[in-house]
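In what follows, a structure is listed as C-alpha coordinates, so that the remarks can point back to it.
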Amino acid sequence: MRVVVAGTEGATGRQLADHYRREGASVTEVGLRSGSNLGLIAAELGSQPIDLLVLSDNIEAPDCRLADLSRAELQAAFERLTFAPFRLAALLRPNLAAAEGTLVLLTRESAAMGFRDTRGRYLERPFRAAAHALWRCYSIEWAPYAISCVLLAIDDEREAAEIAATIKARTAEVPLTLRDARGGWLSW
Amino acid sequence: MAQKTILIAGASRGIGREFVRQFLASGWTVHATARDESGARPLREAGAIAYRLDIADDASIAALSRELEGVPLDAVIANAGISGDLTLKPEAISRDEMLKVIDTNTISPLLLLAALKPNLMLGTRKLAMAMSSLMSSISSNDWGTQHSYRASKTALNAAWRSLAEEWRPDGITCVLLRPGFVKTDMTNFQGMDVEVSVVGMLKVVETIGLADSGRVIGYDGLDVPW
(Lines give C-alpha, C1' and ligand atoms only; values in the text may rest on other atoms or scores of the structure.)
Protein backbone atom coordinates (compact mmCIF):
# COMPACT_ATOMS: atom_id res chain seq x y z
CA MET A 1 0.00 0.00 0.00
CA ARG A 2 1.34 3.42 -0.93
CA VAL A 3 0.43 6.18 1.51
CA VAL A 4 1.16 9.89 1.35
CA VAL A 5 0.65 11.91 4.53
CA ALA A 6 0.72 15.66 4.02
CA GLY A 7 1.12 17.87 7.07
CA THR A 8 3.58 15.85 9.11
CA GLU A 9 4.76 18.99 10.88
CA GLY A 10 1.87 18.31 13.22
CA ALA A 11 1.55 15.48 15.70
CA THR A 12 -1.43 13.83 14.04
CA GLY A 13 0.24 13.67 10.64
CA ARG A 14 3.45 12.28 12.14
CA GLN A 15 1.59 9.65 14.16
CA LEU A 16 -0.43 8.56 11.15
CA ALA A 17 2.70 8.26 9.03
CA ASP A 18 4.28 6.10 11.74
CA HIS A 19 1.13 4.00 12.04
CA TYR A 20 0.94 3.21 8.33
CA ARG A 21 4.65 2.49 8.26
CA ARG A 22 4.21 -0.04 11.09
CA GLU A 23 1.36 -1.57 9.08
CA GLY A 24 3.80 -2.21 6.25
CA ALA A 25 2.82 0.61 3.89
CA SER A 26 5.27 2.57 1.81
CA VAL A 27 4.85 6.04 3.32
CA THR A 28 5.87 9.41 1.94
CA GLU A 29 5.73 12.34 4.33
CA VAL A 30 5.04 15.80 2.94
CA GLY A 31 5.47 19.07 4.79
CA LEU A 32 2.93 21.76 4.07
CA ARG A 33 4.49 24.78 5.69
CA SER A 34 3.40 28.18 4.46
CA GLY A 35 4.91 28.80 1.06
CA SER A 36 5.34 25.14 0.17
CA ASN A 37 5.55 24.63 -3.58
CA LEU A 38 2.66 22.28 -4.10
CA GLY A 39 3.49 21.74 -7.76
CA LEU A 40 7.00 20.67 -6.83
CA ILE A 41 5.67 18.32 -4.18
CA ALA A 42 3.37 16.71 -6.73
CA ALA A 43 6.16 16.49 -9.31
CA GLU A 44 8.45 14.75 -6.81
CA LEU A 45 5.76 12.15 -6.19
CA GLY A 46 5.72 11.44 -9.93
CA SER A 47 3.02 9.32 -11.48
CA GLN A 48 3.07 6.53 -8.91
CA PRO A 49 -0.36 5.32 -7.87
CA ILE A 50 -1.36 6.50 -4.39
CA ASP A 51 -3.67 4.27 -2.38
CA LEU A 52 -4.19 6.75 0.43
CA LEU A 53 -3.58 10.50 0.62
CA VAL A 54 -4.15 12.03 4.06
CA LEU A 55 -4.06 15.79 4.57
CA SER A 56 -3.70 16.98 8.13
CA ASP A 57 -3.10 20.35 9.75
CA ASN A 58 -2.95 20.62 13.52
CA ILE A 59 -2.84 24.41 13.59
CA GLU A 60 -4.85 25.96 16.42
CA ALA A 61 -5.60 29.50 15.41
CA PRO A 62 -5.84 32.01 18.25
CA ASP A 63 -9.11 33.44 19.47
CA CYS A 64 -9.09 36.94 17.97
CA ARG A 65 -11.67 39.66 17.77
CA LEU A 66 -12.53 40.73 14.25
CA ALA A 67 -11.19 44.22 14.90
CA ASP A 68 -7.74 42.76 15.58
CA LEU A 69 -7.44 40.98 12.25
CA SER A 70 -5.86 42.09 9.03
CA ARG A 71 -6.68 41.11 5.47
CA ALA A 72 -3.24 39.52 5.17
CA GLU A 73 -3.86 37.26 8.18
CA LEU A 74 -7.21 36.13 6.83
CA GLN A 75 -5.71 35.50 3.39
CA ALA A 76 -2.89 33.46 4.94
CA ALA A 77 -5.43 31.32 6.81
CA PHE A 78 -7.30 30.71 3.55
CA GLU A 79 -4.10 29.64 1.80
CA ARG A 80 -3.15 27.22 4.52
CA LEU A 81 -6.46 25.62 5.45
CA THR A 82 -8.48 25.88 2.24
CA PHE A 83 -6.31 26.24 -0.83
CA ALA A 84 -3.30 24.08 0.09
CA PRO A 85 -5.27 20.84 0.68
CA PHE A 86 -7.59 21.57 -2.26
CA ARG A 87 -4.70 22.21 -4.62
CA LEU A 88 -2.54 19.28 -3.53
CA ALA A 89 -5.49 16.92 -3.90
CA ALA A 90 -6.19 18.26 -7.40
CA LEU A 91 -2.56 17.80 -8.43
CA LEU A 92 -2.52 14.21 -7.14
CA ARG A 93 -5.90 13.17 -8.54
CA PRO A 94 -4.26 11.16 -11.35
CA ASN A 95 -2.17 9.27 -8.80
CA LEU A 96 -5.25 8.52 -6.71
CA ALA A 97 -7.27 7.51 -9.76
CA ALA A 98 -4.54 5.09 -10.82
CA ALA A 99 -4.97 3.21 -7.53
CA GLU A 100 -8.71 3.88 -7.05
CA GLY A 101 -7.39 5.44 -3.89
CA THR A 102 -8.77 7.27 -0.89
CA LEU A 103 -8.46 10.99 -0.23
CA VAL A 104 -8.77 12.04 3.41
CA LEU A 105 -8.97 15.49 4.95
CA LEU A 106 -8.64 15.70 8.71
CA THR A 107 -10.48 18.67 10.16
CA ARG A 108 -11.91 19.84 13.47
CA GLU A 109 -15.38 19.85 14.96
CA SER A 110 -14.93 23.54 15.73
CA ALA A 111 -15.26 24.22 11.99
CA ALA A 112 -18.86 22.98 11.99
CA MET A 113 -21.53 25.68 11.85
CA GLY A 114 -23.17 24.66 15.09
CA PHE A 115 -20.01 24.77 17.18
CA ARG A 116 -20.08 27.55 19.75
CA ASP A 117 -16.48 27.65 20.94
CA THR A 118 -14.62 30.84 20.16
CA ARG A 119 -11.28 29.21 19.35
CA GLY A 120 -9.99 30.06 15.89
CA ARG A 121 -13.28 31.67 15.04
CA TYR A 122 -12.02 33.81 12.19
CA LEU A 123 -8.59 32.37 11.35
CA GLU A 124 -9.52 28.72 11.35
CA ARG A 125 -13.24 27.97 11.34
CA PRO A 126 -14.27 29.69 8.07
CA PHE A 127 -11.39 28.27 6.10
CA ARG A 128 -11.74 24.72 7.38
CA ALA A 129 -15.47 25.04 6.59
CA ALA A 130 -14.57 26.13 3.05
CA ALA A 131 -12.40 23.02 2.75
CA HIS A 132 -15.40 20.92 3.88
CA ALA A 133 -17.40 22.40 0.97
CA LEU A 134 -14.62 21.55 -1.47
CA TRP A 135 -14.26 18.01 -0.15
CA ARG A 136 -17.97 17.46 -0.70
CA CYS A 137 -17.41 18.55 -4.32
CA TYR A 138 -14.50 16.14 -4.68
CA SER A 139 -16.52 13.24 -3.30
CA ILE A 140 -19.12 13.81 -6.03
CA GLU A 141 -16.90 14.75 -8.95
CA TRP A 142 -14.24 12.10 -8.38
CA ALA A 143 -16.60 9.19 -7.82
CA PRO A 144 -16.32 8.28 -11.54
CA TYR A 145 -12.57 7.85 -10.98
CA ALA A 146 -13.38 5.46 -8.09
CA ILE A 147 -11.62 7.86 -5.71
CA SER A 148 -13.15 7.70 -2.25
CA CYS A 149 -13.23 10.90 -0.22
CA VAL A 150 -13.36 11.02 3.56
CA LEU A 151 -13.70 14.01 5.89
CA LEU A 152 -12.98 13.39 9.57
CA ALA A 153 -13.19 15.86 12.43
CA ILE A 154 -10.73 14.82 15.08
CA ASP A 155 -9.25 16.19 18.25
CA ASP A 156 -5.53 16.13 18.73
CA GLU A 157 -5.51 13.40 21.35
CA ARG A 158 -7.10 10.84 19.04
CA GLU A 159 -5.01 7.72 18.51
CA ALA A 160 -3.66 7.20 15.00
CA ALA A 161 -4.87 3.60 14.93
CA GLU A 162 -8.44 4.72 15.63
CA ILE A 163 -8.27 7.36 12.89
CA ALA A 164 -6.90 4.81 10.44
CA ALA A 165 -9.67 2.35 11.30
CA THR A 166 -12.32 5.01 10.73
CA ILE A 167 -10.76 5.98 7.42
CA LYS A 168 -10.97 2.38 6.30
CA ALA A 169 -14.61 2.13 7.31
CA ARG A 170 -15.79 5.35 5.65
CA THR A 171 -14.74 4.98 2.06
CA ALA A 172 -18.09 4.18 0.47
CA GLU A 173 -20.01 7.41 1.03
CA VAL A 174 -20.99 9.59 -1.96
CA PRO A 175 -21.49 12.45 -1.37
CA LEU A 176 -19.50 12.43 1.80
CA THR A 177 -20.69 13.64 5.18
CA LEU A 178 -18.70 15.05 8.08
CA ARG A 179 -17.74 12.38 10.59
CA ASP A 180 -15.94 12.29 13.91
CA ALA A 181 -12.93 10.07 14.61
CA ARG A 182 -15.18 7.13 15.49
CA GLY A 183 -17.22 7.55 12.32
CA GLY A 184 -20.16 9.19 14.05
CA TRP A 185 -22.20 11.66 11.94
CA LEU A 186 -21.70 15.37 12.56
CA SER A 187 -23.80 18.27 11.35
CA TRP A 188 -22.09 20.56 8.87
CA MET B 1 -40.07 57.94 14.93
CA ALA B 2 -36.47 58.48 13.75
CA GLN B 3 -35.89 57.53 10.14
CA LYS B 4 -34.05 54.26 9.62
CA THR B 5 -30.72 54.39 7.80
CA ILE B 6 -29.00 51.70 5.76
CA LEU B 7 -25.76 51.39 3.85
CA ILE B 8 -25.71 49.13 0.78
CA ALA B 9 -22.14 48.31 -0.27
CA GLY B 10 -22.06 47.32 -3.94
CA ALA B 11 -25.13 49.08 -5.28
CA SER B 12 -24.34 50.06 -8.86
CA ARG B 13 -26.33 47.27 -10.51
CA GLY B 14 -28.39 44.15 -10.00
CA ILE B 15 -29.53 43.24 -6.50
CA GLY B 16 -27.65 46.16 -4.89
CA ARG B 17 -29.29 48.70 -7.15
CA GLU B 18 -32.71 47.22 -6.44
CA PHE B 19 -32.02 47.29 -2.68
CA VAL B 20 -31.42 51.05 -3.03
CA ARG B 21 -34.68 51.58 -4.93
CA GLN B 22 -36.84 49.56 -2.56
CA PHE B 23 -35.31 50.83 0.69
CA LEU B 24 -35.77 54.43 -0.52
CA ALA B 25 -39.36 53.65 -1.46
CA SER B 26 -39.88 52.20 2.03
CA GLY B 27 -38.77 55.44 3.61
CA TRP B 28 -35.24 54.54 4.66
CA THR B 29 -32.31 56.91 4.31
CA VAL B 30 -29.99 55.05 1.98
CA HIS B 31 -26.22 55.30 1.79
CA ALA B 32 -24.89 53.36 -1.17
CA THR B 33 -21.50 52.57 -2.65
CA ALA B 34 -20.19 51.94 -6.12
CA ARG B 35 -16.68 51.30 -7.35
CA ASP B 36 -16.51 54.42 -9.49
CA GLU B 37 -18.24 57.71 -10.21
CA SER B 38 -20.16 56.30 -13.16
CA GLY B 39 -21.78 53.88 -10.72
CA ALA B 40 -22.23 56.43 -7.94
CA ARG B 41 -23.92 59.17 -9.99
CA PRO B 42 -27.14 57.25 -10.77
CA LEU B 43 -27.41 56.33 -7.09
CA ARG B 44 -27.35 60.01 -6.11
CA GLU B 45 -29.88 60.80 -8.81
CA ALA B 46 -32.13 58.10 -7.36
CA GLY B 47 -31.99 59.75 -3.93
CA ALA B 48 -29.23 57.83 -2.16
CA ILE B 49 -26.14 59.30 -0.54
CA ALA B 50 -23.43 57.76 -2.67
CA TYR B 51 -19.78 56.97 -2.03
CA ARG B 52 -17.02 55.26 -3.91
CA LEU B 53 -15.83 51.96 -2.44
CA ASP B 54 -13.66 49.11 -3.62
CA ILE B 55 -14.54 46.56 -0.96
CA ALA B 56 -11.36 44.57 -1.63
CA ASP B 57 -9.14 47.59 -0.90
CA ASP B 58 -8.30 48.36 2.73
CA ALA B 59 -7.52 52.01 1.94
CA SER B 60 -10.92 52.39 0.28
CA ILE B 61 -12.70 50.89 3.30
CA ALA B 62 -10.75 53.21 5.59
CA ALA B 63 -11.71 56.24 3.47
CA LEU B 64 -15.38 55.27 3.59
CA SER B 65 -15.15 54.85 7.34
CA ARG B 66 -13.70 58.35 7.68
CA GLU B 67 -16.46 59.81 5.48
CA LEU B 68 -19.08 58.11 7.64
CA GLU B 69 -17.58 59.03 11.00
CA GLY B 70 -20.33 59.81 13.46
CA VAL B 71 -23.11 58.73 11.07
CA PRO B 72 -25.56 56.32 12.69
CA LEU B 73 -26.43 53.32 10.56
CA ASP B 74 -29.27 51.00 11.48
CA ALA B 75 -28.18 48.42 8.94
CA VAL B 76 -25.33 47.54 6.61
CA ILE B 77 -25.60 45.10 3.72
CA ALA B 78 -22.27 44.04 2.23
CA ASN B 79 -23.70 43.12 -1.14
CA ALA B 80 -20.64 43.30 -3.40
CA GLY B 81 -19.62 39.87 -4.61
CA ILE B 82 -18.19 37.99 -7.56
CA SER B 83 -18.69 34.52 -8.94
CA GLY B 84 -15.23 33.90 -10.30
CA ASP B 85 -14.94 31.57 -13.26
CA LEU B 86 -17.56 28.93 -12.50
CA THR B 87 -16.46 26.69 -15.35
CA LEU B 88 -12.98 25.89 -14.07
CA LYS B 89 -12.18 22.33 -13.09
CA PRO B 90 -10.29 21.94 -9.79
CA GLU B 91 -6.90 21.39 -11.40
CA ALA B 92 -7.28 24.64 -13.36
CA ILE B 93 -8.11 26.78 -10.31
CA SER B 94 -5.06 28.79 -9.37
CA ARG B 95 -4.38 30.29 -5.97
CA ASP B 96 -4.95 33.77 -7.39
CA GLU B 97 -8.30 32.78 -8.90
CA MET B 98 -9.66 31.27 -5.69
CA LEU B 99 -8.15 34.00 -3.53
CA LYS B 100 -9.83 36.70 -5.64
CA VAL B 101 -13.22 35.15 -4.93
CA ILE B 102 -12.54 34.48 -1.23
CA ASP B 103 -11.12 37.98 -0.79
CA THR B 104 -14.19 39.67 -2.29
CA ASN B 105 -16.92 37.39 -0.98
CA THR B 106 -15.62 36.34 2.45
CA ILE B 107 -12.82 38.53 3.74
CA SER B 108 -13.96 41.92 2.45
CA PRO B 109 -17.48 41.83 3.97
CA LEU B 110 -15.94 41.00 7.35
CA LEU B 111 -13.47 43.86 7.15
CA LEU B 112 -16.12 46.30 5.95
CA LEU B 113 -18.40 45.44 8.85
CA ALA B 114 -15.48 45.73 11.27
CA ALA B 115 -14.85 49.26 9.96
CA LEU B 116 -18.53 50.25 10.19
CA LYS B 117 -19.24 48.74 13.62
CA PRO B 118 -19.02 52.20 15.26
CA ASN B 119 -21.77 53.39 12.91
CA LEU B 120 -23.98 50.43 13.78
CA MET B 121 -23.44 51.10 17.48
CA LEU B 122 -24.85 54.61 16.91
CA GLY B 123 -27.90 53.18 15.15
CA THR B 124 -31.04 51.62 16.59
CA ARG B 125 -31.67 48.36 14.67
CA LYS B 126 -27.98 47.30 14.56
CA LEU B 127 -28.14 44.89 11.61
CA ALA B 128 -24.88 43.56 10.13
CA MET B 129 -25.67 41.70 6.92
CA ALA B 130 -24.00 40.26 3.84
CA MET B 131 -25.07 38.06 0.97
CA SER B 132 -24.88 34.28 1.06
CA SER B 133 -26.19 31.73 -1.41
CA LEU B 134 -27.67 28.26 -1.66
CA MET B 135 -24.22 27.32 -2.99
CA SER B 136 -22.98 27.82 0.58
CA SER B 137 -25.03 24.85 1.72
CA ILE B 138 -22.84 21.75 1.87
CA SER B 139 -25.75 19.44 2.61
CA SER B 140 -27.62 20.68 -0.47
CA ASN B 141 -24.66 20.04 -2.75
CA ASP B 142 -25.30 16.92 -4.78
CA TRP B 143 -23.61 18.01 -8.00
CA GLY B 144 -20.30 19.67 -7.15
CA THR B 145 -18.66 22.38 -9.33
CA GLN B 146 -18.46 26.15 -8.70
CA HIS B 147 -15.63 25.42 -6.27
CA SER B 148 -14.31 28.89 -5.49
CA TYR B 149 -17.77 30.40 -5.18
CA ARG B 150 -19.03 27.59 -2.94
CA ALA B 151 -15.95 27.78 -0.75
CA SER B 152 -16.28 31.56 -0.39
CA LYS B 153 -19.93 31.44 0.66
CA THR B 154 -19.48 28.51 3.05
CA ALA B 155 -16.57 30.37 4.63
CA LEU B 156 -18.76 33.47 4.87
CA ASN B 157 -21.48 31.47 6.66
CA ALA B 158 -18.95 30.18 9.19
CA ALA B 159 -17.37 33.59 9.69
CA TRP B 160 -20.76 35.25 10.19
CA ARG B 161 -21.64 32.62 12.82
CA SER B 162 -18.48 33.67 14.65
CA LEU B 163 -19.35 37.35 14.16
CA ALA B 164 -22.84 36.75 15.55
CA GLU B 165 -21.37 35.34 18.75
CA GLU B 166 -18.75 38.06 19.11
CA TRP B 167 -21.17 40.96 18.54
CA ARG B 168 -24.15 39.57 20.45
CA PRO B 169 -23.15 41.39 23.68
CA ASP B 170 -23.12 44.62 21.62
CA GLY B 171 -26.70 43.97 20.53
CA ILE B 172 -25.74 43.68 16.86
CA THR B 173 -27.74 41.18 14.79
CA CYS B 174 -25.53 39.41 12.26
CA VAL B 175 -27.50 37.74 9.49
CA LEU B 176 -26.73 36.59 5.97
CA LEU B 177 -29.33 37.00 3.24
CA ARG B 178 -29.94 34.55 0.42
CA PRO B 179 -31.37 36.27 -2.66
CA GLY B 180 -32.31 33.13 -4.58
CA PHE B 181 -31.56 32.59 -8.25
CA VAL B 182 -31.97 36.09 -9.64
CA LYS B 183 -31.64 37.52 -13.14
CA THR B 184 -28.34 39.41 -12.94
CA ASP B 185 -25.08 39.39 -14.84
CA MET B 186 -23.84 36.74 -12.38
CA THR B 187 -26.51 34.29 -13.55
CA ASN B 188 -26.41 35.25 -17.23
CA PHE B 189 -29.78 36.87 -16.53
CA GLN B 190 -31.49 33.57 -15.74
CA GLY B 191 -33.81 33.22 -12.77
CA MET B 192 -36.42 35.32 -11.00
CA ASP B 193 -36.89 39.04 -11.35
CA VAL B 194 -34.67 41.00 -9.01
CA GLU B 195 -37.67 42.95 -7.70
CA VAL B 196 -39.24 39.75 -6.33
CA SER B 197 -36.07 38.71 -4.55
CA VAL B 198 -35.49 42.10 -2.96
CA VAL B 199 -39.13 42.42 -1.81
CA GLY B 200 -38.58 39.21 0.11
CA MET B 201 -35.22 40.21 1.54
CA LEU B 202 -36.48 43.63 2.57
CA LYS B 203 -39.28 41.92 4.50
CA VAL B 204 -36.59 39.85 6.28
CA VAL B 205 -34.57 42.98 7.10
CA GLU B 206 -37.64 44.72 8.49
CA THR B 207 -38.46 41.85 10.85
CA ILE B 208 -35.19 40.31 12.13
CA GLY B 209 -33.74 40.89 15.58
CA LEU B 210 -31.02 39.63 17.90
CA ALA B 211 -32.73 36.24 18.26
CA ASP B 212 -32.07 35.69 14.53
CA SER B 213 -28.36 36.42 14.74
CA GLY B 214 -26.26 33.70 13.07
CA ARG B 215 -28.94 32.65 10.59
CA VAL B 216 -28.76 32.54 6.79
CA ILE B 217 -32.23 33.60 5.67
CA GLY B 218 -33.60 33.42 2.15
CA TYR B 219 -35.79 35.93 0.30
CA ASP B 220 -38.58 33.46 1.04
CA GLY B 221 -37.99 33.64 4.80
CA LEU B 222 -36.57 30.11 4.91
CA ASP B 223 -33.18 29.21 6.40
CA VAL B 224 -30.44 27.88 4.16
CA PRO B 225 -29.47 24.46 5.49
CA TRP B 226 -25.83 24.06 6.44
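The values are calculated or read from the model by the stated rules, or taken from the named source; none is laboratory data. Bear in mind that the values here come from a model prediction, so they are computed numbers and not experimental data. Quick reminder, even Gly has a Cβ in these numbers, built from the backbone with ideal geometry, and neighbours come from all protein chains shown. Quick note on the areas: whole protein, heavy atoms, side chains included, nothing else; ligands and nucleic acids left out. Shrake-Rupley method; radii C 1.70, N 1.55, O 1.52, S 1.80 Å.
Let me know the charge dipole size of chain A about its Cα centre in debye, to the nearest 20, where only the beta-carbon of Lys, Arg (+1) and Asp, Glu (-1) is charged.
320
Tell me, what is the percent relative contact order of chain B, built from C-alpha pairs under 8 Å that lie six or more residues apart?
Contact order relative to length: 18 percent.
Give or take rounding to whole Å, what are the principal axis extents of the alpha carbon atoms in the range A:1-160, in descending order?
Extents along the principal axes: 47, 30, 29 Å.
In a GNM of chain B with a 10 Å cut-off on Cα contacts, which of B:D54, B:D96, B:D36 has the highest mean-square fluctuation?
Greatest mean-square fluctuation among the candidates belongs to B:D96.
Below 8 Å, C-alpha to C-alpha, sequence gap of six or more: please give me the relative contact order for the range A:41-188 in percent.
Values: 227 pairs, mean separation 38.9, N = 148.
So the answer I get is 26 percent.
With only Lys, Arg, Asp and Glu charged, each at its Cβ (+1 for the first two, -1 for the last two), find how big the charge dipole of the protein assembly as shown is about the Cα centre; round to the nearest 20 debye.
Roughly 480 debye for the protein assembly as shown.
For chain B, state what percent of all Cα-Cα pairs lands in each successive 5 Å bin, counting from 0 Å until the bin that includes the largest distance.
Spelled out bin by bin, chain B gives 1, 7, 15, 20, 22, 18, 10, 5, 2, 0, 0, 0 percent.
Mind checking how much accessible area B and A bury in total, 1.4 Å probe, in Å² rounded to 100? Write out the running numbers ahead of the final one.
Working: alone 10460 and 9310 Å², together 16340 Å².
Buried surface at the B/A interface: approximately 3400 Å².
Loop only per DSSP, at most 10 neighbouring Cβ atoms within 10 Å: give me the chymotrypsin sites (Phe, Trp or Tyr not before Pro) in the range B:125-168, ordered by residue number. Show your work: numbers first, answer last.
On the way: sites: B:W143, B:Y149, B:W160, B:W167; in loops: B:W143.
Counting only loop positions with at most 10 other Cβ atoms within 10 Å, the chymotrypsin sites (Phe, Trp or Tyr not before Pro) in the range B:125-168 are B:W143.
Can you flag which of B:K117/B:K203; B:K89/B:K203; B:K89/B:K126; B:K89/B:K117; B:K100/B:K183 are past 32 Å Cα-Cα?
Among B:K117/B:K203; B:K89/B:K203; B:K89/B:K126; B:K89/B:K117; B:K100/B:K183, the Cα-Cα distance tops 32 Å for B:K89/B:K203; B:K89/B:K126; B:K89/B:K117.
I'd like to check one number: the per residue accessible area of the range B:20-165, probe 1.4 Å, reported in Å² as a whole number.
Per-residue value: 36 Å².
Just to check I understand the Karplus step: with θ = phi - 60° and J = 6.51 cos²θ - 1.76 cosθ + 1.60, what whole-Hz values come out for the range B:70-79, glycine and proline as x?
After applying 6.51 cos²θ - 1.76 cosθ + 1.60, I find x, 8, x, 10, 7, 8, 10, 10, 7, 8 Hz.
Can you tell me the FRET efficiency between B:R52 and A:N58 if r is taken as the Cβ-Cβ distance and R0 is 35 Å, rounded to the nearest 0.05?
Efficiency, from the Cβ-Cβ distance: 0.20.
Magnitude of the Cβ-charge dipole of the range A:93-188, K/R +1 and D/E -1, about the Cα centre, nearest 20 debye?
260
What accessible area per residue comes out for the range A:91-148, rounded to a whole number of Å², with a 1.4 Å probe?
I get 28 Å² per residue for the range A:91-148.
Please give, to one decimal in nm, the separation of the simple spin-label points placed at B:D223 and B:S65, each 7 Å out from Cα toward the Cβ.
3.2
Under 5 Å between amide H atoms, partner at least 5 residues away or on a different chain: which partners does A:A153 have, H built in plane at 1.01 Å?
When sequence neighbours closer than 5 places are left aside, the close amide H contacts are A:T107, A:R179, A:D180, A:A181.
Taking every eigenvalue of the Cα gyration tensor of the protein assembly as shown, multiplying by 5 and rooting it, what semi-axes result, largest first, whole Å?
41, 20, 18
By how many degrees, 0 to 90 and rounded to 10, does the Cα axis of helix B:147-167 deviate from the longest principal axis of chain B?
Result, in degrees: 40.
Using Cα centres only, tell me the gap between the range A:120-141 and the range B:29-71 in whole Å.
Answer, in whole Å: 32.
With the cut-off at 1.5 for a/c, could you classify the range A:1-55 from its C-alpha gyration tensor as rounded, prolate or oblate?
Numbers: a/c = 2.90, a/b = 1.18, b/c = 2.45.
Judged from the Cα gyration tensor, the range A:1-55 comes out oblate (a/c at least 1.5, b/c at or above a/b).
Residues of the range A:120-165 that become at least 30 Å² less accessible with every protein chain present than in their own chain isolated, using 1.4 Å: which are they?
Buried on complex formation: A:R121, A:Y122, A:R125, A:P126, A:F127, A:A130, A:A133, A:L134, A:R136, A:C137, A:I140, A:E141.
Amide H to amide H under 5 Å from B:Y219: which residues, 5+ apart in sequence or cross-chain, H placed 1.01 Å off N in plane?
Close amide H contacts, sequence-distant or interchain: B:R178, B:G180.
Given DSSP loops and a limit of at most 11 other Cβ atoms within 10 Å, what is the longest stretch of chain A that contains no such trypsin sites (Lys or Arg not before Pro)?
A:34-115
Counting only protein heavy atoms and a 1.4 Å probe, tell me what percentage of the protein assembly as shown's accessible area is made up of carbon and sulfur.
Carbon and sulfur: 50 percent of the exposed surface of the protein assembly as shown.
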